[in-house]
1. R0 = 25 Å: FRET efficiency of ASP50 with ALA72, Cβ-based, nearest 0.05?
2. What angle, in degrees between 0 and 90 and rounded to the nearest 10, separates the Cα long axis of helix 51-82 from the longest principal axis of the Cα atoms of the chain?
3. Note down, for segment 3-82, the three equivalent ellipsoid semi-axes (square root of 5 times each alpha carbon gyration tensor eigenvalue), biggest first, whole angstrom.
4. Can you compute the modelled spin-label distance between ASN27 and ALA62, with each label point 7 Å from Cα toward Cβ, in nm?
5. What residue among SER51, SER12, SER36 has the largest mean-square fluctuation in a Gaussian network model of the chain, using Cα springs under 10 Å?
6. For segment 23-81, which trypsin sites (Lys or Arg not before Pro) are both in a DSSP coil and crowded by at most 15 other Cβ atoms within 10 Å?
7. Helix 10-20 versus the longest principal axis of the chain: what angle, 0 to 90°, nearest 10, using Cα atoms?
8. For the chain, which chymotrypsin sites (Phe, Trp or Tyr not before Pro) pass both filters: DSSP loop (anything but H, G, I, E, B) and at most 11 other C-beta atoms within 10 Å?
Amino acid sequence: MSDFEREVSETSRAWMRALGNFTPTVNPLYREVKGSMLGEYGEAEKTYFDSKELRELAKACAEVADWLDRRAAETNTAQQKEG
């Protein structure tokens, strides 16, 4: 079992698999994960994210989740006023 498997939760590893089977690169100093994502023409392309980019991705996901929650709350409030 690798350090990644021992020290990172199954939930987080499952998200890394869902995003494109991302796993750590060999050199720890690079602070990167490598996986595959669809490219411009729909073909799988090798993709790397470093620790800074992963944090930016997490922040972007939280922002979108917050927006979705606000939108749902506003819609719910508007529907309650109508009904």
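Derivation of every value follows stated rules applied to the coordinates shown; laboratory data play no part. Just so we're clear, the structure is a prediction, and the values are computed from it rather than from any experiment. Cβ atoms come from the backbone with ideal geometry, glycine included; neighbour counts cover every protein chain shown.
1. Working: r = 33 Å, r/R0 = 1.33.
Computed FRET efficiency for ASP50 and ALA72 comes out at 0.15.
2. 20 degrees
3. Numbers: eigenvalues 227, 52, 27 Å².
Each semi-axis is √(5λ); the values are 34, 16, 12 Å.
4. Output for this residue pair reads 3.1 nm.
5. Result for the chain, Cα springs under 10 Å: SER12 fluctuates most.
6. On the way: sites: ARG31, LYS34, LYS46, LYS52, ARG55, LYS59, ARG70, ARG71, LYS81; in loops: ARG31.
Here the trypsin sites (Lys or Arg not before Pro) that fit, given the DSSP loop and packing criteria, are ARG31.
7. So the inclination is approximately 90 degrees.
8. Numbers: sites: PHE4, TRP15, PHE22, TYR30, TYR41, TYR48, PHE49, TRP67; in loops: PHE22, TYR41.
Those that pass, being in a loop and sparsely packed, are TYR41.
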